[in-house]
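Pasting in a structure now, in structure tokens, and then I'll have a few things to ask.
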Amino acid sequence: MTGGRPCCVCGRPRAQKHHVKAKGMGGKRGKDFDLNNVVWLCIDHHTGPKGIHTMGRHTFARTYNIDLEKIAHGHRDEEDLE
């Protein structure tokens with residue numbers, strides 16, 4: 001799913017939502033959209049060769065020096081916008 005938000009890595013618009021914690025990893029079951037568990041990634045950083053699903057979350061975080069959980073929790077103030 002794409003939205004109007006930019007990629008949290010490169011700023012490219014119309015990024016896709018990525019669940020930081022998969023539902024099987026303790027994410028909220030039965031709730032498709034939880035802003036405290038979502039970051040926005042462009043297609044390249046989501047599923048491309050240098051994306052989180054290709055590299056794995058630990059390598060991705062080290063490569064881009066990024067803390068996805070911290071970014072996801074930063075959305076709390078925006079929850080009313082969705």
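Name the pairs whose Cβ atoms lie under 7 Å apart, with the first residue in region 43-61 and closer than 22 Å to P13 by Cβ, the second aromatic (F, W, Y) and in a helix (DSSP H, G or I), and 6 or more positions between them or separate chains?
Here the result reads I52/F60, each pair linking region 43-61 to a residue that is aromatic (F, W, Y) and in a helix (DSSP H, G or I).
With the requirement that a residue be in a loop (DSSP other than H, G, I, E, B) and at pLDDT below 90, what does region 21-60 give you?
K21, A22, G26, G27, K28, R29, G30, K31, D32, F33, D34
The values are calculated or read from the model by the stated rules, or taken from the named source; none is laboratory data. Note that the coordinates shown come from a computational prediction; the quantities given were computed from them, not determined experimentally. Methodologically, a virtual Cβ is constructed for each residue, glycine included, from the backbone with ideal geometry; neighbour enumeration extends over all protein chains shown.
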